[in-house]
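The values are calculated or read from the model by the stated rules, or taken from the named source; none is laboratory data. Since the model is a prediction, treat every value here as computed from it, not as a measurement. Note that each Cβ is placed from the backbone with ideal geometry, even for glycine, and that neighbours are counted across all protein chains shown. Side chains included, ligands, DNA and RNA excluded: accessible areas come from the protein's heavy atoms. Shrake-Rupley method; radii C 1.70, N 1.55, O 1.52, S 1.80 Å.
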Amino acid sequence: MEWRVPLMDAAACVDLLPVLTEIAVRAAHAIRKHIGKDGVQRKADGSPVTGADIAAQAAICEGLAHAAPALPVVAEEQADRPRPAGDSYFLVDPLDGTREFIAGRDEYTVNIALITNGAPMLGVIAAPAQFSLWRGVVGRGAERMAFTDDGKILPATAIRTRKRPQHQPVVLVSRSHLDARTKAYLDGLPQPRTVAGGSSVKFCRIAEGSADLYPRLGPTHDWDVAAGHAIVEAAGGQVRTPDGGKLRYGSEDLLIPSFIATGNAETP
């Protein structure tokens with residue numbers, strides 16, 4: 001299925017941000033209702049999926065259909081994903097960090113991004129177990145906010161990345177997907193302080209200035225990266241290929257081969 005829709009610019013993304021925040025919080029609450037209740041199934045690729053994944057995706061897709069019906073949605077748990085043709089579309093991971101959710105940890109998120117011409121312009125990430133949310137529009141700034149168990153969204157605080165220290169930078173790595181190439185990259189850093197974690201919260205730590213680098217030198221899906229990518233860039237950092245090139249979203253396999261997220265607006 002191929003779509004052609006109008007392009008969304010930064011001003012339109014800013015207008016969408018409040019309603020996308022509400023949608024992410026609704027999805028977060030849908031996930032919380034499944035804590036401790038779900039069995040685990042396996043998808044064709046062997047990755048786990050739970051009722052929380054499905055409930056969150058339903059909440060997001062319903063909300064997006066009302067908020068922006070002209071824009072297609074590409075979501076992880078869709079059986080038949082549309083193939084956007086270079087225009088604007090939503091990219092959704094309803095529960096990033098399903099393994100963390102199953103293990104009872106708090107590092108799982110709801111990811112909603114808006115892609116235009118192969119690049120993320122807007123990102124919203126909610127962490128249901130932490131009652132925290134990060135959001136941003138590239139070129140318009142990023143924010144952190146909290147929400148309550150009854151759905152109230154608290155006032156936002158602006159966030160910015162920080163300058164990377166010359167020694168002992170805080171480097172975030174995946175708890176579940178630490179590959180040999182990433183380990184080799186870590187060995188070349190000046191006394192890194194390595195912190196393992198799950199889900200897109202790692203991007204948010206870069207954006208809010210509590211960490212410096214997040215290298216992922218193995219492949220991951222578009223929906224795992226896009227929302228965090230937008231928030232990091234909105235906060236003053238960048239997400240690039242290891243050689244400093246731009247990431248491109250919307251490939252046939254919907255994969256990002258590798259990336260490095262950094263708080264510095266310079267080549268990683």
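Between region 64-137 and region 193-251, how far is it from one alpha carbon centroid to the other, in angstrom? Their Cα centres are 14 Å away from one another. For Gln78 and Ala11, the difference between the fully extended length at 0.36 nm per residue and the C-alpha to C-alpha distance is 21.2 nm. For region 134-181, the orientation-averaged shadow of the C-alpha convex hull comes to 6.4 nm² (one quarter of the hull surface).
Taking every alpha-carbon pair under 8 Å whose residues sit at least 6 apart, the chain reaches a relative contact order of 17 percent. Taken about its Cα centre, region 32-154 carries a charge dipole of roughly 100 debye when the Cβ of each Lys and Arg holds +1 and the Cβ of each Asp and Glu holds -1. Lysines within cross-link reach of Lys202: Cα-Cα under 26 Å, excluding same-chain residues under 8 positions apart? Within the straight-line cut-off, Lys202 pairs with Lys33, Lys43, Lys152, Lys163, Lys183, Lys246.
Averaged per residue, the chain has 43 square angstrom of accessible surface, using a 1.4 angstrom probe with ligands and nucleic acids left out. For region 165-250, carbon and sulfur atoms together expose 47% of the accessible surface, with a 1.4 angstrom probe and every protein chain in place. Near Ala12, once Lys and Arg are set to +1 and Asp and Glu to -1 for all other residues with Cβ below 14 Å from its Cβ, the sum equals -2. With the gyration tensor restricted to C-alpha atoms of region 149-223, the semi-axes of the equivalent ellipsoid amount to 26, 17, 9 Å, longest first. Between Thr220 and Arg160, the simple label model (points 7 Å from Cα in the Cβ direction) yields a spacing of 2.6 nm. Taking 22 Å as R0, compute the FRET efficiency from the Cβ-Cβ separation of Lys37 and Ser176 and round it to 0.05. Using R0 = 22 Å, I get an efficiency of 0.45.
Diagonalising the gyration tensor over the Cα atoms of region 185-268 and scaling each eigenvalue by 5 before taking the square root yields semi-axes of 19, 14, 13 Å, largest first. Please compute one quarter of the surface area of the Cα convex hull for the chain and express it in square nanometres. Quarter of the Cα hull surface area: 13.0 nm².
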